[in-house]
Amino acid sequence: MDTRSSTAQSERATRRRARAPALDLLGGVRCSALELAVAAGFFVTLAFAVFGVHVARGGLSFDDWTLAYDVQRSVDSLGFLGAFNELLSGDILTGTHAGRPVEAGYNLLIYTAFGQHAGLHLEAAVVLAALVAFLFYLVLRWLHLARLHAAAVGTLVLLFPASDSTVFWATGAIAHVTVALYLAGTLCSIRGLRSHGRSALGFHALGIALYAASILQYQIAAPLVFLSVFVYRFAGASWRRAIAPWVGAVAVGLVALLYVKANLPRRAGSLSEDYRHARDIAGAARQLLASLGIQDGPQRLPTIATLALLLVAGAVALLLPAGDAVRTQLRRWLLIATAGFVTIGASYTIFIPGDFYYSPLAHGIGNRVNAAAALGFALVFYALAVLLALLVVRALRVDAAVPTAGAIALAGTIALLGSFVSAIDSDRRSYDRAADLQRQALTIVRNDIPRPAPGTTVYLFGIDGEIAPNVFTFVRPNDLTAALRLVWNDDTIEGVPVSSTEADWPGNTKENSGMKCGPQSLQPRGWLFNTYPPSRYGVTLFIDVRTRASELIRSQQGCRAALSRLLPPAVTEG
């Protein structure tokens, strides 16, 4: 009885696949263990070939310092479980991770394992980038995309320069963890659709758990979870079979997302502000698409050209006879391009209620917002290349039109990847320069500056805060405080990066900038210091990394005299 039932189920599945050829993207293909090993090796090797220089020359930055300090202090004083609870609280330098317990657990594990070793953190970031590319390759293969096409799309994701902060910035790698969890959940769900009984239930449960973990790590992939029913259809499942696991994924995903939103408060804007932000994001995404993923690049593919290509490809697909091989391929790659556009749009919806800082064109550490959208951009870029190649070979009536078009598309993709690598290398230089300046400053602090008394507030002069847009040395008090506490092993030290008090620092004004020498204390000013307490004389230390010198400030007169030597007159007041 069981054998007959299994046979009947198999026959019904075969008939369903036969009835839905449009969802079978490039024919039924299987992944062997050898293929997976080769693909994994390829992506890891390529990732280190492109990003490996930064592993050797880069450093910790921004949140990396506060996380390194918070984890070390919390584990030493509270133990592993206590440190986890501490990371979920707001009473730490890093800030609150409440609502994202998976992120807190990830940071606890990785900073306990690697500590302040920047190279190990950056190696992990490179491996995570390769993992995302490999998992996306595997998803595409399970959706029946041919090897070379899947490898090309995976490589575009790996080297997408508009999200390279996820590799150059250790903390930014959490975005890749999130996307990897989402892709792993998708693989489990597809496997569940192709299984039966308890095995199917187990794979679906694991897939939903991975989706939830992705959202509880960093919620950028949540919109893709909600669209997963279409992935299930592309995998060959009927709507009836795809709906049940999708409903489960949406239900659990919504609970996870609401938990994050409830415990990780963000700016509450009006509907008009959200609409304006959505419009700005859409415009920036179109610009990023037109510049082929290179944020500072010219418009290589104007929006009108993209629309024209899609319209012509659609018209030709309708006009060609049913048995024409080019017609079939045009329809398939139009479907893939549509999936890519939907992925891009969905990936940005999570940022609409957020600050206007979140934009597809944000540079430096800000471009982490493109981590999930990179999947869609890669699909769109490659699909457009294939569509253009198919139209060319059909117009020229080339023999073996489909393989020839594939070869042309791959050649074009390789040329685009060359531009990607050049853009990545340009970005890397800024990150490496920032890391070098940080190392120099901390070396001076460690070797040339006498250890300050407990409770001292250290003002750091002579180091640029921003090397390139959103590529920083020390700009927030939290980050400098964490680095100085780690250097001197003193939990009472406070740090003030003077560059963030300057009038031209983003967000500062002429009225709210500089430093004011009061009768009893010094007050740094600027938007980062609106609630910062003044530092008392006698425990206020100026360090100038340019001269490798320090001066303890004991009075208002001494404060004014020191600032007049260290800063332009316009920066000093009172």
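Computed from the coordinates by the stated procedures, all read-outs in this text should not be read as laboratory data. This is a predicted model, so every value here is computed, not measured. Neighbour counts run over all protein chains shown; Cβ positions are idealised from the backbone, glycine included.
A few comments on the model shown:
- The fraction of Cα-Cα pairs per 5 angstrom bin, counted from 0 for segment 394-468, comes to 3, 11, 12, 11, 10, 8, 7, 6, 6, 6, 5, 5, 4, 3, 2, 2, 0 percent, rounded to whole percents.
- Interchain or long-range residues, amide H under 5 Å from Tyr459's placed H: Val496, Leu541, Phe542, Ile543
- The slack in the chain from Ala407 to Asp448, taken as 0.36 nm per residue of separation less the alpha-carbon distance, amounts to 8.8 nm.
- Net lengthening on full extension, Phe230/Ala262 (0.36 nm per residue, minus Cα-Cα): 8.7 nm
- If you bin all the Cα-Cα distances of segment 449-573 at 5 Å, starting from zero, the percentages per bin are 2, 11, 22, 26, 23, 11, 3, 0.
- Of Ala561, Asn478, Tyr459, farthest towards positive along the dipole that unit charges on Lys, Arg, Asp, Glu beta carbons give segment 449-573: Ala561
- The calculated 222 nm mean residue ellipticity attributable to helices in the chain amounts to -21500 deg cm²/dmol, summing -39500 (n - 2.57) over DSSP H runs of n ≥ 4 and dividing by all residues.
- The relative contact order of segment 452-520, computed from alpha carbon pairs under 8 Å that lie at least 6 residues apart in sequence, is 32 percent.
- Loop-located GluC sites (Glu not before Pro) in segment 437-538 whose Cβ has at most 10 other Cβ within 10 Å (DSSP): Glu511
- Förster radius 60 Å - calculated FRET efficiency between Asp491 and Leu335, Cβ distance, rounded to 0.05: 0.55
- Cα-based helix-to-principal-axis angle, 63-88 vs the chain, degrees rounded to 10: 90 degrees
- Difference of contour (0.36 nm per residue) and Cα-Cα distance, Leu120 to Lys516: 138.4 nm
- Fraction of beta bridges assigned by DSSP in segment 449-573 that are antiparallel (%, nearest 5): 50 percent
- Segment 233-309 and segment 415-482: distance between their alpha carbon centers, rounded to Å: 33 Å
- For Ala170, the residues 5 or more places off, or on other chains, whose built amide H falls under 5 Å of its own are Ser61.
- 0 to 90° range, to nearest 10: angle between helix 401-448 axis and the chain longest Cα axis: 20 degrees
- Cβ-derived FRET efficiency at R0 30 Å, Arg194 paired with Ala415, nearest 0.05: 0.20
- Modelled label reach - Ser555, point 7 Å along Cα→Cβ, segment 475-517 residues with backbone N closer than 20 Å: 516-517
- For the chain, Cys with no neighbouring Cys Cβ under 4.7 Å: Cys31, Cys188
- For the chain, the longest principal axis of the alpha carbon atoms and the long axis of helix 197-217 meet at an angle near 30°.
- Diffusion constant of segment 133-189 at 37 °C, which comes from Stokes-Einstein with the Kirkwood Cα-pair radius and 0.692 mPa s, µm²/s: 277 µm²/s
- For the chain, relative contact order (Cα pairs under 8 Å, six or more residues apart, normalised by length) works out to 14 percent.
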